[in-house]
Amino acid sequence: MRIEVKSAKELSTFEKARQDCVVTSSLYYFLNGTKWAPADWTVMVWEDEDLVTNVHIVERTIKVGEQAVRLGGIGNVATKVEWRKRGYARSALSTAQNFLRDPLNVDFGMMIATEPMVPRYEKLGWRVAARSMLVDQPDGKTSLGYPVMILPVCRQDWPEGEIDLCGLPW
């Protein structure tokens with residue numbers, strides 16, 4: 001197993017194609033028709049030349065109530081079906097969480113989860129902060145009704161108020 005973190009801008013055509021093979025098992029696939037933010041960073045877990053797990057990271061400052069919060073958004077946590085239940089996603093998330101701390105130095109990590117995944121992410125230190133949030137879409141702001149999970153990174157005190165991603169979801 002080999003894990004690497006790369007700037008999304010530096011991915012080769014080969015790496016992008018491999019990520020496309022993994023993405024069909026993620027939330028992106030299920031929320032067909034939703035416009036998503038591109039990744040700034042990607043965590044890739046490889047077995048030889050096979051990309052088995054992928055995690056995207058988006059750097060963003062959002063608003064919670066009236067307060068600005070600097071985030072590392074975790075998205076597209078996906079493992080190819082035939083490679084699941086082997087700890088690859090856990091390893092990729094651990095690498096991503098460390099990357100949020102250093103070098104990104106963000107206040108919190110944030111991800112959108114499906115209800116069945118909430119207990120798994122809670123075991124890794126994430127907690128539900130809200131059950132919906134505002135996101136941008138081509139036709140304006142809309143509410144995305146999925147659990148919003150946060151991970152304290154450089155701050156512990158999550159602010160009160162409605163969450164506005166101030167951009168596309170990840």
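So, by mean Cβ neighbours within 10 angstrom, what's the order for 68-78, 143-153 with the highest one leading?
Numbers: 68-78: 21.9, 143-153: 18.2.
Ranking the peptides 68-78, 143-153 by packing returns 68-78, 143-153.
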Helix 88-99 sits off the longest principal axis of the Cα atoms of the chain, rounded to the nearest 10 on a 0 to 90 degree scale, by 50
Projecting the Cα atoms of Gly167, Gly72, Ala113 onto the charge dipole of the chain, where Lys and Arg contribute +1 and Asp and Glu -1 at Cβ, the residue farthest towards the positive end is Ala113
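Taking every DSSP beta bridge with both residues inside the chain, roughly what % is antiparallel (nearest 5)?
Details: 39 of 44 bridges.
Around 90 percent antiparallel, to the nearest 5.
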A student applying the Cα gyration tensor rule (rounded when a/c is under 1.5; otherwise prolate if a/b is larger than b/c, oblate if not) would label segment 121-170 prolate
Rounded to the nearest 10, the angle in degrees between the Cα long axis of helix 13-23 and the longest principal axis of the Cα atoms of the chain comes to 70
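Any idea what the relative contact order of segment 64-154 is, in percent, if you count C-alpha pairs under 8 Å spaced at least 6 apart? Before the final figure, lay out the partial values.
On the way: 118 pairs, mean separation 27.9, N = 91.
31 percent.
Which entries of Lys16/Lys63; Lys6/Lys141; Lys85/Lys123 show an alpha-carbon separation above 26 angstrom in the structure shown?
Numbers: Lys16/Lys63 31 Å; Lys6/Lys141 30 Å; Lys85/Lys123 15 Å.
With Cα atoms farther than 26 Å apart: Lys16/Lys63; Lys6/Lys141.
Roughly how many debye, to the nearest 20, is the charge dipole of segment 96-138 about its Cα centre, given +1 on each Lys and Arg Cβ, -1 on each Asp and Glu Cβ, and no other charges?
Its charge dipole is roughly 180 debye.
Please tell me the relative contact order of the chain in percent, rounded to the nearest whole number, where contacts are Cα pairs under 8 Å and at least six residues apart. Working shown, then result.
Working: 342 pairs, mean separation 38.7, N = 170.
Taking the mean separation of contacting Cα pairs over the length of the chain, I get 23 percent.
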Expected max-MSF residue from Leu51, Leu93, Leu104 in the GNM of the chain (alpha carbon, under 10 Å) is Leu104
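Given all pairs of different Cα atoms, what value in angstroms does the Kirkwood hydrodynamic radius of the chain take?
Working: mean 1/r = 0.0619 Å⁻¹.
Final number for the Kirkwood radius of the chain is 16.2 Å.
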Given backbone amide H placed at 1.01 Å from N, residues whose amide H is under 5 Å from that of Tyr146, ignoring those fewer than 5 places away on the same chain, are Met133
Rounded to whole angstrom, the alpha-carbon centroid of segment 61-92 lies from that of segment 109-135 at a distance of 9
Treating only Lys and Arg (+1) and Asp and Glu (-1) as charged, each at its beta carbon, one finds that segment 1-119 has a dipole about its Cα centre, in Debye to the nearest 20, of 200
Calculated from DSSP helices alone, with each H run of at least 4 adding -39500 (n - 2.57) and the total divided by the residues of the chain, [θ]222 nm to the nearest 500 comes to -5000 deg cm²/dmol
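Bear in mind these aren't lab numbers, they're just calculated from the coordinates by the rules spelled out. What you see is a predicted model; the values in this text were computed from it and never measured. Neighbour counts are summed over all protein chains in view; Cβ atoms, including those assigned to glycine, are modelled from backbone coordinates with ideal geometry.
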